[in-house]
1. Do any helices (runs of 4 or more DSSP H) lying entirely in the stretch 1-109 carry at least 2 residues that are farther than 18 Å from residue 135 by Cα, and which ones are they?
2. Just one of 53, 87 is of a type in the set (D, E, K, R) and surrounded by 14 or more Cβ atoms within 10 Å (Cβ to Cβ); which is it?
3. For residue 107, indicate whether it is in contact with a strand residue (DSSP E or B) (Cβ under 7 Å, 6 or more places away or on another chain) and at pLDDT 85 or above.
4. Has the stretch 125-133 got any residue that is part of a loop (DSSP other than H, G, I, E, B), at pLDDT 85 or above, farther than 20 Å from residue 25 by Cα and of a type outside the set (Lys, Arg)?
5. Does any residue of the stretch 24-42 turn out to be under 13 Å from the mean Cα position of the chain (by Cα) and of a type in the set (Lys, Arg)?
6. Can you report the number of residues in the stretch 11-22 which are in contact with a helix residue (DSSP H, G or I) (Cβ under 7 Å, 6 or more places away or on another chain) and not hydrophobic (A, V, I, L, M, F, W, C)?
7. Give me the pairs: first residue in the stretch 11-29 and farther than 12 Å from residue 93 by Cα, second residue among the small types (Gly, Ala, Ser), beta-carbon distance under 8 Å, and six or more apart or on different chains, which are they?
8. When you go through 78, 120 one by one, which is the residue that is in contact (Cβ under 8 Å) with a residue 12 or more places away in the chain, among the polar types (S, T, N, Q), within 30 Å of residue 48 (Cα to Cα) and buried (at least 16 other Cβ atoms within 10 Å of the Cβ)?
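The values are calculated or read from the model by the stated rules, or taken from the named source; none is laboratory data. Since we're looking at a predicted model, the values are computed, not measured. No Cβ is skipped: glycine too gets one built from the backbone with ideal geometry, and neighbour counts run over all protein chains shown.
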Amino acid sequence: MWSYEKRLQYPVNIKEPNAKIAQVIMSQYGGPDGELGASMRYISQRYSMPYSEVAAILTDIGTEELAHLEMVSTIVHQLTKNLSMEEIEKSGFANYYVDHTIGIWPMAAGGIPFNSCEFQSKGDAITDLFEDMAADGAIL
């Protein structure tokens, strides 16, 4: 278990709603390179790491990715709260709004919902670490 401080490390205070920006940022929540996949990637891979130090690092990284998920969802929520129906229709946010209103739901900017195929956990330390570096954009 983790100790959880019930506050964002970097407070989010968006004043004006903007559905178009929210749709793009939502991809960082549940898109193919989003925080949900990143957190699941590291936390899932930690169990098959042969070295406890590496498993601990993966746990730390996965936990940090969950914190990113919280920040991104806060941004999306603030960008979509208090939208008028005119803004929803004009921005192209209507399809999302029909199913989720202003709820935060993991999907890519193109409307594709998150699924567990977005990350890999093979059980081989080298394969998994290469997956992690590729997902984070590290030069291999």
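1. Details: elements: 19-30, 35-45, 52-80, 85-91, 94-100.
Correct list: 19-30, 52-80, 85-91, 94-100.
2. Numbers: 53 fails: surrounded by 14 or more Cβ atoms within 10 Å (Cβ to Cβ).
Among 53, 87, only 87 is of a type in the set (D, E, K, R) and surrounded by 14 or more Cβ atoms within 10 Å (Cβ to Cβ).
3. Details: in contact with a strand residue (DSSP E or B) (Cβ under 7 Å, 6 or more places away or on another chain): yes; at pLDDT 85 or above: yes.
When the stated conditions are applied, residue 107 passes them.
4. Just the residues of the stretch 125-133 that are part of a loop (DSSP other than H, G, I, E, B), to begin with: none.
Within the stretch 125-133, none of the residues are part of a loop (DSSP other than H, G, I, E, B), at pLDDT 85 or above, farther than 20 Å from residue 25 by Cα and of a type outside the set (Lys, Arg).
5. Within the stretch 24-42, one or more residues are under 13 Å from the mean Cα position of the chain (by Cα) and of a type in the set (Lys, Arg).
6. Of the stretch 11-22, the ones in contact with a helix residue (DSSP H, G or I) (Cβ under 7 Å, 6 or more places away or on another chain) are 12, 14, 17-22.
Restricting the remaining residues to those that are not hydrophobic (A, V, I, L, M, F, W, C) gives 17-18, 20.
Result for the stretch 11-22: 3.
7. 27/34; 27/108; 27/109; 27/110; 28/34; 29/73
8. Values: 78 fails: within 30 Å of residue 48 (Cα to Cα).
Only one candidate passes the filter, namely 120.
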